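> Sharing a structure, written as structure tokens. Questions coming.
Read-outs throughout are calculated quantities, based only on the coordinates presented, and are distinct from any laboratory measurement. Just so we're clear, the structure is a prediction, and the values are computed from it rather than from any experiment. No Cβ is skipped: glycine too gets one built from the backbone with ideal geometry, and neighbour counts run over all protein chains shown.
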Amino acid sequence: MIRTVPTKPYSDQKPGTSGLRKKVPVFQQEHYAENFIQSIFDALDGFKGKTLVIGGDGRFYNREVIQKAIAMAAANGFGKVMVGQGGILSTPAASHVIRKYKTFGGIILSASHNPGGPHEDFGIKYNAGNGGPAPEKLTDVIFEKTRAISSFKIADIDPIDIDTTGTVKAAGMTVEIIDPVADYAELMESLFDFDALRKLFKSGFRMRFDAMHAVTGPYAKEILENRLGAPIGTCRNFKPLPDFGGHHPDPNLVHAKHLYDEMMGPDAPDFGAASDGDGDRNLIIGKGIFVTPSDSVAMLAANARLAPGYKGGLKGIARSMPTSGAADRVAEKLGIALYETPTGWKFFGNLLDADMATICGEESAGTGSNHVREKDGLWAVLLWLNILAARGESCKQIVAEHWATYGRNYYSRHDYEEVESGRATALVDELRAKLGALPGASVRGMTIASAEDFAYHDPVDGSISEHQGIRVLFEGGSRVVFRLSGTGTSGATLRVYIERYESDKSRHDLDTQAALADLIAAADDIAGIHSHTGRAEPSVIT
Ligand code: VG1
Ligand code: CO
């Protein structure tokens, strides 16, 4: 029943910021998915007889690859696989299932916020036994294996019915199809004050949750509408679709503009939120106010004690380097440590496992805690709701009070998408070469205090990750950061992160782009963005 199939390596299977992401036609090439899955198994040790979790965000090609992964897990000697019904498991839910059932690890099929469909994106990532994304030392080995692979193992089995929960046997391995929502909903109930939230909704509090036709739909429906009694219709676009309804399942002000417009409108609900393709990101918009992800992590950390799961306080806060320094001020006030990591959730795993950090966040709309080892969109939404219920104030009031206490970090990210790869690399190389000459230089009347290529020294395992973004710091604390995306699938995406701190309360209501105008111009002066990319404007401003 087990076949060993000869295959040839593909040279382009290097995992990026979060797994391997390619266009669907690339994944549909002969043995492309099989090669990568076999390489994951080849990079692991000691899983014979153990359990593997398999699920995905429901995008196009999900079902096909789930069947391949099941048959290959059986052939490679796993004792059991746990598969989300319908092939569905959000990234945070998969992380929780891995941890709760102490499984060996899991395979999550997703390209997250990237669009889906026959000509759009697909992805595969591996999460280890702690529930977190494979660390770099493992993804490096997986990549090596993909370059040397000569065969893969697969069991000849009929396709498994993944739409019916229950347990079957296949090629000697147990296949359990699980309810993708139940364990996760129970975990949320253990962290948050569901009684207070039920009261909040009963009192007439109105909310809009946009699942963007991605994986969080069934989770949000169950938790918000069924368990918390939010009115039917609170959740919108809640049916996961293979092409996300033709949209980008990216909860930002561009792709969730309808939600933003609604929240700024005259009859806005009290609270609006959205999540991405695989359910690990969150967009938070209060009535009349957008909360930047960098601010959100700071505000959640400052108020976390109001939720039962965090009443004992936080051990530390971790944020990715390009994320604004708003959380740093909260950590300082709480007297706890603040860790600055490279972009990507895999870098938080060690800090969470070592209990050095409790809440983590990224500027890209990712927030999470030690309850799982991934960022978690609905978790952030529920923590916000819990804080709103406990404080009895509006989102806008909470934000204004936070800024009055800590000051405001004006912050924006400018993305230049699908830039020709050679041009993007040239920009970065040139910038890197002149880093030494930047300190002391004056740009647009601002003096550069330091400039460096960020390297991270993991305080837990001592590993070093270099070239994680170039940051230029100005006197007074403003900064610009440049890095190339590791999740795109065509050309290169240049990300420019811009930040300025404002302590003066009378200047907390400025337009963000206007407040950052000098720095935006300085970023172009320093890196030659327009001349290198040929672009006059960013493709996306968040
Ligand atoms: C982006 C974000 C990063 C995030 C990653 C995965 O990476 O910037 O913060 O961790 O996506 O998020 P990059 O390399 O493109 O900047 V998800 O929700 O797409 O898994
Ligand atoms: Co995601």
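> Size of the dipole of the chain about the Cα centre, Lys and Arg at +1 and Asp and Glu at -1 on the beta carbon, nothing else charged, in debye to 20? Write down the numbers at each step before the final one.
Working: 58 positive and 68 negative charges, 164 e Å.
With only Lys, Arg, Asp and Glu charged at Cβ, the dipole is about 780 debye.
> Which residues does the label zone of Glu475 cover in region 438-466, counting backbone N under 17 Å from a point 7 Å along Cα→Cβ?
438-451
> Beta carbons within 10 angstrom, averaged per residue: use that to sort the peptides 517-525, 434-442, highest first.
517-525, 434-442
> Once each part is reduced to its C-alpha centroid, what is the distance from region 152-231 to region 297-331 in angstrom?
Value for the Cα centre distance between the two parts: 27 Å.
> As a test, work out the antiparallel percent of DSSP beta bridges whose residues both lie in the chain, rounded to the nearest 5.
Of all bridge pairs located within the chain, approximately 70 percent are antiparallel.
> With label points built 7 Å along Cα→Cβ from the Cα atoms of Arg3 and Lys48, find their separation and express it in nm.
Distance between label points: 2.5 nm.
> Then there is this: Round to a whole angstrom and tell me the spacing of the C-alpha centers of region 474-488 and region 40-108.
35
> Still on this structure: Among 144-150, 408-414, how do they line up from the highest to the lowest mean number of other beta-carbon atoms within 10 Å? Each step should come with its number before you reach the end.
Working: 144-150: 15.9, 408-414: 23.3.
Most protected by this proxy first, the peptides run 408-414, 144-150.
> Related question: Under a crude label model (7 Å from the Cα following the beta-carbon direction), how far is Asp509 from Thr405 in nanometres?
Modelled inter-label distance: 2.1 nm.
> May I ask you to compute the full-extension gain from Arg432 to Glu144, defined as 0.36 nm times their residue separation minus their alpha-carbon distance, rounded to one decimal in nm?
100.9 nm
> Further question: List the GluC sites (Glu not before Pro) within region 434-541 that DSSP assigns to loop and that have no more than 12 neighbouring Cβ atoms inside 10 Å.
Glu466, Glu475
> If you take the square roots of the eigenvalues of the alpha-carbon gyration tensor of region 365-409 and sort them as a ≥ b ≥ c, do you get rounded (a/c under 1.5), prolate (a/b over b/c) or oblate? Let's see the in-between values first.
Numbers: a/c = 2.87, a/b = 1.57, b/c = 1.83.
Oblate.
> Would you mind checking the pairs Lys396/Lys434; Lys145/Lys169; Lys315/Lys505; Lys8/Lys102 and listing those with alpha carbons more than 31 angstrom apart?
Lys396/Lys434; Lys8/Lys102
> Points 7 angstrom from Cα along the Cβ direction at Lys257 and Met446: gap in nanometres?
The modelled label-to-label distance comes out at 2.8 nm.
> Placing unit charges on C-beta atoms (Lys and Arg positive, Asp and Glu negative, everything else neutral), compute the dipole magnitude of region 388-542 about its Cα centre in debye, rounded to 20. Write out the running numbers ahead of the final one.
Working: 16 positive and 23 negative charges, 54 e Å.
It comes to approximately 260 debye.
> Can you find, among Gly277, Gly407, Gly172, the residue farthest towards the positive end of the dipole of the chain? Put +1 on the C-beta of Lys and Arg, -1 on that of Asp and Glu.
Checking the options against the dipole of the chain, the answer is Gly172.
> Going by the alpha-carbon gyration tensor, a ≥ b ≥ c the square roots of its eigenvalues, is region 51-162 rounded (a/c under 1.5) or, if a/c is not under 1.5, prolate (a/b greater than b/c) versus oblate?
On the way: a/c = 1.06, a/b = 1.05, b/c = 1.01.
Because its axes are fairly even, with a/c under 1.5, region 51-162 counts as rounded.
> Separate question: Among Leu338, Asn252, Met263, which residue has its Cα positioned farthest towards the positive end of the charge dipole of the chain, with +1 placed on the Cβ of Lys and Arg, -1 on the Cβ of Asp and Glu, and the dipole taken about the Cα centre?
Leu338
> With a ≥ b ≥ c the root eigenvalues of the C-alpha gyration tensor of the chain, is it rounded (a/c under 1.5), prolate (a/b larger than b/c) or oblate?
oblate
> Using the Cα centre of region 139-276 as the reference point, and only Cβ charges (+1 on K/R, -1 on D/E), how large is the resulting charge dipole? Debye, rounded to the nearest 20.
200
> Based on the mean of other Cβ atoms within 10 Å per residue, sort peptides 15-23, 377-385, 40-48, 481-489 so the most packed one is first.
377-385, 15-23, 481-489, 40-48
> Where a Cα-Cα gap under 13 Å defines reach, which aspartates and glutamates qualify for Lys221, not counting those fewer than 8 residues away within the same chain?
Asp210
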